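Read through the structure below, which is laid out as structure tokens, and then see the notes.
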Amino acid sequence: MNWDDAKEKILQNEEVRKELRNNEAEYKIIEEIITARQEKNLTQKDLAELVGTKQSNISRLESGNYNPTLEFLNKIARAIGKELEVRIV
């Protein structure tokens, strides 16, 4: 089974689709952080040093295994030359 077939089968489950929607904002933030870090040619260790944290914290954040505070996200945003913007739509 290839990925497209597996994805189609997985997304047939309403509960799975609901959970993906519930976590969409988190996934988007993680994707934006990884993209911006890579565009700056920064490793996780480099970013951690700029933020004043450990590389393992950046790794956990990027893997989705860390629930960051807004303060931490703001530090990351500044370190990668971005601004943190939070909106409720």
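Test of understanding: among Glu83, Glu24, which residue is within 14 Å of the chain's Cα centre (by Cα), of a type outside the set (Gly, Ala, Ser) and surrounded by fewer than 12 Cβ atoms within 10 Å (Cβ to Cβ)? Let's see the steps before the verdict.
Working: Glu83 fails: within 14 Å of the chain's Cα centre (by Cα).
Result of the check over Glu83, Glu24: Glu24.
Just for region 35-67: of the residues that are part of a helix (DSSP H, G or I) and small (Gly, Ala, Ser), which one is farthest from Asn23 (Cα to Cα)?
This residue is Ala48.
Would you be able to tell me the number of residues in region 1-12 that are surrounded by fewer than 11 Cβ atoms within 10 Å (Cβ to Cβ) and either assigned to a loop (DSSP other than H, G, I, E, B) or of a type in the set (A, V, I, L, M) (or both)?
4
Under 7 Å between Cβ atoms, at least 6 apart or on separate chains: pull out the pairs that start in region 63-89 with a residue that is under 20 Å from Glu39 (Cβ atoms) and end on any residue that is of a type in the set (Gly, Ala, Ser) and at pLDDT 95 or above.
What qualifies is Ile80/Ala36; Lys82/Ala36; Glu83/Ala77; Leu84/Ala77.
Answer yes or no as to whether Ile33 is of a type in the set (A, V, I, L, M), at negative phi and under 12 Å from the mean Cα position of the chain (by Cα). Please lay out each step first, then the result.
Details: of a type in the set (A, V, I, L, M): yes; at negative phi: yes; under 12 Å from the mean Cα position of the chain (by Cα): yes.
So Ile33 passes the test.
The values are calculated or read from the model by the stated rules, or taken from the named source; none is laboratory data. Computed from a predicted model, the values in this text were never measured in an experiment. Backbone-built Cβ (ideal geometry, glycine too); neighbour counts: all protein chains shown.
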